[in-house]
Amino acid sequence: MSEMHPLRTADIIPSESFEKLNEKAVELAKKCEQAEVPSLDHLRMADYNLVYEPSDDTFLMLDALLYDFSNENAQKLNSITNVLEIGCGTGVSTIFMGQLLNEIKSDASLYVTDINKDAIRVAIDTAEKNGINMDLFKAMKCDLATPLLEELKNKVDVLIFNPPYVPTPEDEVGSEGIEASWAGGGNGRVVFDRAIPQIASLLSYPNGVGYIITVDDNKPEQIADIMMEKYGIQVTPFFRRIARNEYLSVQKFTLTRDISSETIEQH
Ligand SMILES: C[S@@+](CC[C@H](N)C(=O)[O-])C[C@H]1O[C@@H](n2cnc3c(N)ncnc32)[C@H](O)[C@@H]1O
């Protein structure tokens with residue numbers, strides 16, 4: 001993340017059990033194979049003035065996806081029909097999933113959204129340059145996944161979100177330019193918190209899984225409590241790595257019960 005912020009603040013002390021899961025996630029991320037980032041050779045510095053340049057958070061996400069969908073876990077790819085990424089930036093996370101799916105000749109659909117129109121332009125270009133079947137790649141400039149809520153209700157098997165997570169003044173949230181990459185408002189949670197009910201309505205049951213980036217300032221254990229209490233969604237630290245001045249985690253979201261018949265109020 002290009003904006004710097006201090007390490008975990010003293011008031012964010014996870015419970016012993018959450019800290020144990022964090023430790024496991026650190027070990028897993030140490031052991032994993034490093035994912036190869038889809039080619040971005042077609043991009044220039046000027047593109048990165050407009051669109052988030054893949055960074056440690058992106059790379060942690062790719063490594064987590066590689067770990068969860070390769071080797072002995074590769075068979076999980078067979079059950080994927082829809083992948084959705086909210087806030088795709090250059091699109092590399094979804095394009096990476098697309099490449100894994102290509103290997104098993106899957107015809108799963110890949111949906112990406114971003115509030116930044118340049119991110120959508122770049123993601124389309126990047127998908128084309130990396131051999132993605134463009135009939136299956138659907139890119140949309142929009143807020144979160146709002147226009148897809150009906151079409152993809154309970155149908156998303158893999159949901160990826162690396163949100164703007166840096167704690168900033170609230171009035172910095174809401175841009176549609178490069179600032180939207182990091183400005184997260186209070187606790188860095190303003191954008192993510194709006195996405196919570198969308199994630200709950202979109203994930204498929206029982207196999208749907210969400211991969212969400214957090215920093216400790218986002219109070220991920222509080223996110224876990226909210227998701228379980230409101231939607232029966234279990235949130236577990238999955239991959240965790242210290243990068244420069246922040247602890248980054250991929251939190252894994254899985255449904256513990258079928259909520260497809262429940263009414264989920266969207267903000
Ligand atoms: C930290 S960047 C991550 C980009 C990319 N997924 C990656 O990992 O490299 C966050 C992305 O979320 C997008 N974003 C921010 N607010 C959004 C919103 N309300 N709806 C959709 N996308 C949003 C930003 O434009 C930016 O591309």
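Observations
- Antiparallel bridges, percent of DSSP beta bridges restricted to the chain (to nearest 5): 45 percent
- Of the residues Ile115, Ile223, the one with the largest accessible area comes first in the ranking Ile115, Ile223, computed with a 1.4 Å probe on protein heavy atoms.
- Charge dipole magnitude, Cβ of K and R +1, D and E -1 - the chain, Cα centre, debye nearest 20: 500 debye
- Anisotropy class of region 123-267 from Cα gyration tensor, a/c 1.5 cut: rounded
- Spin-label model, Lys20/Val37: points 7 Å from Cα along the beta carbon direction are separated by 3.6 nm.
- Per-residue surface analysis assigns Val37 an accessible area of about 50 Å², computed on protein heavy atoms at 1.4 Å probe radius.
- Probe 1.4 Å - accessible area at Thr214, Å² to nearest ten: 10 Å²
- Approximate shape of the chain as ellipsoid semi-axes (Cα gyration tensor, √5λ), whole Å, largest first: 24, 22, 20
- Taking the 1.4 Å solvent-accessible surface of the chain as the whole, the part contributed by carbon and sulfur is 50%.
- Heavy atoms of Tyr231: accessible area, 1.4 Å probe, square angstrom to 10: 20 Å²
- A DSSP coil position with no more than 14 other Cβ atoms inside 10 Å describes the following GluC sites (Glu not before Pro) in region 215-265: Glu262, Glu265.
- Cα centroids of region 188-267 and region 123-171: 16 Å apart.
- Straightening the chain between Asp135 and Glu265 buys 43.6 nm, computed as 0.36 nm per residue apart minus the Cα-Cα spacing.
- Here each label is just a point 7 Å from Cα along the line to Cβ, and for Asp171 and Asp56 those points are 3.1 nm apart.
- Listed residues Leu50, Leu28, Leu148 arranged by accessible area, highest first, probe 1.4 Å: Leu50, Leu28, Leu148
- 222 nm mean residue ellipticity, helices alone, for the chain (DSSP H n ≥ 4; -39,500 (n - 2.57); rounded to 500): -10000 deg cm²/dmol
- Considering only Ala119, Thr168, Ile104, and ranking their Cα positions along the charge dipole of region 73-221 that arises from unit charges at the beta-carbon of Lys, Arg, Asp and Glu, the one farthest toward the positive end is Ile104.
- Between the beta carbons of Arg44 and Thr256, assuming R0 = 45 Å, the FRET efficiency works out to 0.50 to the nearest 0.05.
- Here region 190-234 is treated as an ellipsoid with the same Cα gyration tensor; its semi-axes, largest first and in whole Å, are 18, 11, 10.
- For region 1-145, the square roots of the Cα gyration tensor eigenvalues, ordered a ≥ b ≥ c, give a/c of at least 1.5 with a/b no greater than b/c, which places it in the oblate category.
- The residues of the chain have, on average, 45 Å² of accessible surface per residue, using a 1.4 Å probe with all protein chains present.
- Cross-linked pairs Lys30/Lys117; Lys153/Lys230; Lys105/Lys219: Cα-Cα separations exceed 29 Å for Lys30/Lys117; Lys105/Lys219.
The values are calculated or read from the model by the stated rules, or taken from the named source; none is laboratory data. Here the structure is a predicted model, which is why all the values come from computation and not from measurement. Glycine also receives a Cβ, built like all others from the backbone with ideal geometry; neighbour counts cover every protein chain displayed. Just the protein is used for accessible areas: all its heavy atoms, side chains included, with ligands, DNA and RNA removed. Shrake-Rupley method; radii C 1.70, N 1.55, O 1.52, S 1.80 Å.
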